[in-house]
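Structure first, commentary second.
Readers should treat all values here as calculations from the given coordinates under stated rules, not as data from a laboratory. Keep in mind the model is a prediction, meaning the values are calculated, not measured. Cβ sites come from the backbone with ideal geometry, for glycine too, and all protein chains shown count toward neighbours.
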Amino acid sequence: MQLNWLKKIGNKAVHNAFVDLCEFNQQLFCCYREAKNHISAEAGICILTLNKEGKVCNINRLKMANVDLRDPKLSITPDGRLLLIAYARKTNHNNGTLSVRNLCWVSQTGHSWSSHREFAAKGGWLWRVRWQQDIAYGFAYSKKNNTIHLYSGDPRRSFHCHQPNALSLQKHNKGYPNESDVLFEDDNAYAIVRRDADSYSAQLGTSGYPYKKWQWLDLGLYIGGPVMLKIAPKVAIVAGRIIKKGKLVTGLMQLNLSNGKLFELGILPSAGDNSYPGLVLDGQILYVSYYSSHQDNKSSVYLAQLDLSLLINKDELA
């Protein structure tokens, strides 16, 4: 896999990780968690504004006292604003968890942010939202209950459970479904879900509108922190943490949404604590943000640029 370039864009904190990427106002916005370690008592969110050559043009940070802000994600609302969500873990002086909630912020420019607002139900980790017309959808997972629920609405206003137990151990005999992504094509929804029990294999879900009945296909591969990006009818790029030669790395794959066939496109420079990527496609230029510890044994945030036309398996597009 050939990269146009790879740039280290975030390494100020001791631990820089859990990354997302979107395009807004013809610029790239990359968010990630800054902390002392993987699970620290307090952590903030860094939001970088970059040009298309990967130069950092602006930096914003969000912090809350005694709160670990985890796994920030970005999306564009139907009225053209930048929406940021994160999982907020309130901690005590021993790094014990006092409470958890899902929070969101909104910005008109990406350079100044509203106060936070709580959304979705407590007890479930709302991983990511994707917009279909004027409605946002996203899965929240519960490790305790071995299930994910589909939520819908507008995180800034009303966001409620749309379909409980869309994938669960009890209903589908699939243990610990958790991190996820969703994409839409016409009136169909496609979901990819990480699992961390039994076979540890990710699942591909499909559902027609109104997204109440889901069918699941086992992908036969572990995919952590999955993210999807549609590149052609029924075809998506998938990025995430995969196992390669016994090691965890950040991989790019091509996924046939009709039959679940995965084709490995390549491995990004990555090692140790790594992955949780974000994807943006600008014409035929693919941007991938992720974190990795392959340099200096320190988790840092990277931005890669690739030529999609040289990357994809054209034989699998038909």
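State the extension gain, in nm to one decimal, for the chain segment bounded by ILE39 and LEU98, taking 0.36 nm per residue of separation less the distance between their alpha-carbons.
Using 0.36 nm per residue and subtracting the Cα-Cα distance, I get 19.8 nm.
Rounded to the nearest 0.05, what FRET efficiency do ASP186 and LEU281 give with R0 = 22 Å and r taken as the Cβ-Cβ distance? Could you check? Don't skip to the end; give the middle numbers.
Values: r = 19 Å, r/R0 = 0.86.
So, using R0 = 22 Å, E works out to roughly 0.70.
Relative contact order of region 228-318: what whole-number percent is it, with Cα pairs under 8 angstrom and at least 6 residues apart?
Relative contact order here is 21 percent.
What is the distance in Å between the Cα centroid of region 163-186 and that of region 101-122?
Cα centroid to Cα centroid, the span is 25 Å.
Using only the Cα atoms of region 18-77, what are the Rg and Dmax in Å?
12.2, 36
Beta carbons within 10 angstrom, averaged per residue: use that to sort the peptides 222-228, 86-92, highest first.
Result, highest mean Cβ count within 10 Å first: 222-228, 86-92.
For the chain, what is Rg from Cα atoms divided by 2.2 N^0.38 Å, rounded to two decimals?
For the chain, the normalised Cα radius of gyration is 0.92.
Stretched out fully, how many nm does the piece from ARG117 to GLN170 gain, at 0.36 nm a residue minus the Cα gap? Can you show the working numbers first?
Numbers: separation 53, 0.36 × 53 = 19.08 nm, distance 3.23 nm.
Residue separation times 0.36 nm, minus the Cα-Cα distance, leaves 15.8 nm.
So if R0 is 22 Å, what FRET efficiency would GLN108 and CYS57 give, r being the distance between their Cβ atoms, rounded to the nearest 0.05?
The calculated FRET efficiency here is 0.85.
Given contacts defined as C-alpha pairs under 8 Å and at least six residues apart, what's the relative contact order of the chain, whole-number percent? Could the numbers behind the result be given before it?
On the way: 892 pairs, mean separation 46.8, N = 318.
Computed value for the chain: 15 percent relative contact order.
Please name whichever of SER201, LEU150, GLN215 sits farthest to the positive end of the charge dipole of region 120-231, dipole taken about the Cα centre and charges placed at Cβ: Lys and Arg +1, Asp and Glu -1.
Value: LEU150.
If the only charges are +1 at each Lys and Arg Cβ and -1 at each Asp and Glu Cβ, what is the size of the charge dipole of the chain around the Cα centre, to the nearest 20 debye?
840 debye
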